[in-house]
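First comes the structure, then the notes that go with it.
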Amino acid sequence: MDEVGHRQTAKAYINTGRVFDYLEQSEQAQNMFTAADKHLQQARSAGADLLEYYPLVASLKVYQSQVLSSEGQEQATEKVLTDAIDAMEQLLLLSPDHSQLTLWEAYLELSYLLMEYAREPQAQQQVDKTLTLASEQLDKKPQDAEWLYANSHSHQMKAWYEFDFGSIATGIDETTQAIALAQASIIQDAEDLKKQNNERILHNQLAFFQLETGHLEAAKTAAITAIELGNALKLKAPFNQEFEREQAYSFSTAGEVHQQLGDLESALHFYQQGLAISKHNHEKDPSNYSAANDLGVDTLLVAGLQLELGHELEATKAFNEIEALMEPVHQAEPNNKYYAHTLLVAKLQLKKFKEAKPLYDQLKSNDTIDKVITNLITKNQLNW
């Protein structure tokens, strides 16, 4: 192939990889992205125009970051995001007026990565860069649908930062701002399902935050809104597994709200719907650590409710399944606070306190001990 042929083939592989990503088939997606990368390097060797080359490289690296789920996820993900940022910085030196959306997206993904691995000082710097870039661009184009969406996503990410490292009340305020921006982006671009999904995700997030602060009716309203938005998306994109995965979060949050309200029958109904989706996603993509953790979390919710209903044997069986599922995931990604949390809860429920203590110490050092863990510590009278 000539340079153009390599570049066009790279685009085809990138688009195919994105389809596999939407289907939650991360290994196939990564294979496509690896092939795209090879063709881009060949295009570069054949003298590709850098104004054509750098945008493709940057986009490819961002897409790769979103599906990395193998061993070395933390380092590999950070590497591709750094590559994306470098490519965009080179592009902007050559063409200062070029769109900065891909640069913003790389900043956003890096912010989430740093938060996921509890690297708080670096995360704060990256969060600020993401918000600043999005805000500056929206000031220049106040009715631009993409920058409205980007600002919505930036405030959503800031809300999670506040939840992890700051004030949950501030996190709720940030989420509310993000919802308003999401709705504004939909007004400007009513057909884009990505923007509609963003609004649904934000209602999920608001429901979770309200649940954490004990505002159960507000949490219930947000969770039901998220489910309704998700049902509408399913009619428009029935095979999009990313949308289905988010719907599982909606069901799980609604289940938690109803459990705390004492409506155990409704809680179990919602939990089982979420668990069915998580099982399906994990079966389709067993090497995906995020899918494994989703399955672990949803199984924990069902098992915890079984304990409350007095079904101890069923619950214990489920806790053992979660431990077996998450042990290798945690060993491969020991710094990931979400995976450590899921495994810790399972071990506490199984009363494996000696094995649980190092996990507890890890999460305590990251300041990520939540009330689920605190309640189990109190229940088992542990002097930790």
Step by step: first the residues of the stretch 126-177, then only those that are farther than 20 Å from Ala222 by Cα and β-branched (Val, Ile, Thr), then the one that is surrounded by the fewest Cβ atoms within 10 Å (Cβ to Cβ). Which residue is that? Thr132
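Return yes or no: is Lys347 more than 20 Å from the chain's Cα centre (by Cα), surrounded by fewer than 16 Cβ atoms within 10 Å (Cβ to Cβ) and part of a helix (DSSP H, G or I)?
Spelling it out, it is not the case that Lys347 is more than 20 Å from the chain's Cα centre (by Cα), surrounded by fewer than 16 Cβ atoms within 10 Å (Cβ to Cβ) and part of a helix (DSSP H, G or I).
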With respect to Asp367, determine if the residue is surrounded by fewer than 18 Cβ atoms within 10 Å (Cβ to Cβ), outside any helix (DSSP H, G or I) and not basic (Lys, Arg). yes
Return the residues of the stretch 237-266 that are among the hydrophobic types (A, V, I, L, M, F, W, C) and farther than 13 Å from Ala222 by Cα; say none if nothing qualifies. Ala237, Phe239, Phe243, Ala248, Leu261, Leu264
Pull up the stretch 116-125, narrow it to residues that are in a helix (DSSP H, G or I) and either modelled with pLDDT under 95 or crowded, with 23+ Cβ neighbours inside 10 Å (or both), then point me to the one that is nearest to the chain's Cα centre (by Cα). Glu116
For the stretch 202-228: of the residues being farther than 13 Å from Gly255 by Cα, surrounded by fewer than 23 Cβ atoms within 10 Å (Cβ to Cβ) and within 20 Å of the chain's Cα centre (by Cα), which is modelled with the lowest pLDDT? Glu212
Please give the number of the condition Ile369 fails out of (1) in contact with an Asp or Glu (Cβ under 7 Å, 6 or more places away or on another chain); (2) of a type outside the set (D, E, K, R); (3) closer than 26 Å to Glu312 by Cα. (1)
Kindly check whether there is at least one residue in the stretch 245-263 that is surrounded by fewer than 23 Cβ atoms within 10 Å (Cβ to Cβ), within 13 Å of Ala291 (Cα to Cα) and out of contact with any strand residue (DSSP E or B) (no Cβ under 9 Å at 6 or more places or on another chain). yes
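Provide a single number: the residues in the stretch 290-344 that are under 17 Å from the mean Cα position of the chain (by Cα) and farther than 24 Å from Trp384 by Cα.
Taking the stretch 290-344 as the starting set, the residues that turn out to be under 17 Å from the mean Cα position of the chain (by Cα) are 290-298, 329, 333, 335-342.
When the remaining residues are screened for being farther than 24 Å from Trp384 by Cα, the result is 290-296, 298, 329, 333.
Residues that pass the stated criteria total 10.
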Which residues, taken from the stretch 129-144, are closer than 18 Å to Ala178 by Cβ and charged (D, E, K, R)? Lys129, Glu136, Asp139, Asp144
Hey, does the stretch 268-276 have a residue that's surrounded by fewer than 21 Cβ atoms within 10 Å (Cβ to Cβ) and either under 22 Å from Gln66 (Cβ atoms) or more than 22 Å from the chain's Cα centre (by Cα) (or both)? yes
Of Glu105, Glu89, Glu74, Glu27, which residue is at pLDDT 95 or above, over 25 Å from Glu3 (Cα atoms) and part of a helix (DSSP H, G or I)? Glu105
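Here's the yes/no breakdown for (1) aliphatic (A, V, I, L, M); (2) more than 26 Å from Ala178 (Cβ to Cβ); (3) free of Cβ contacts under 8 Å to residues at least 40 places away in the same chain; (4) touching a His at 6+ places or on another chain (Cβ under 8 Å):
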| residue | (1), (2), (3), (4) |
| --- | --- |
| Ala84 | yes, no, yes, no |
| Ser95 | no, yes, no, no |
| Leu114 | yes, no, yes, no |
| Ala123 | yes, no, no, no |
Would you be able to tell me the number of residues in the stretch 123-154 that are in contact with a Ser or Thr (Cβ under 9 Å, 6 or more places away or on another chain), under 23 Å from Asp192 (Cα atoms) and among the aliphatic types (A, V, I, L, M)? 6
Restricting to the stretch 47-64, and then to whatever is modelled with pLDDT of 95 or more and of a type in the set (A, V, I, L, M, F, W, C), can you tell me which residue is nearest to Met88 (Cα to Cα)? Ala58
List every residue pair whose Cβ atoms lie under 7 Å apart, where the two residues are 6 or more positions apart in sequence or sit on different chains, the first residue falls within the stretch 43-56 and is more than 10 Å from Ala87 (Cα to Cα), and the second residue, located anywhere, is of a type in the set (Ser, Thr, Tyr) and part of a loop (DSSP other than H, G, I, E, B). Leu51/Ser95
Subset of the stretch 61-115 (residues that are buried (at least 20 other Cβ atoms within 10 Å of the Cβ), more than 22 Å from Glu333 (Cα to Cα) and among the small types (Gly, Ala, Ser)): Ala84, Ala87
Taking Glu228 and the conditions (1) out of contact with any Asp or Glu (no Cβ under 6 Å at 6 or more places or on another chain); (2) in contact (Cβ under 8 Å) with a residue 40 or more places away in the chain, which numbered condition does it fall short on, given that it satisfies the others? (2)
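The values are calculated or read from the model by the stated rules, or taken from the named source; none is laboratory data. Computed from a predicted model, the values in this text were never measured in an experiment. Don't worry about glycine lacking a Cβ; one is built from the backbone with ideal geometry, like all the others, and counts go over all protein chains shown.
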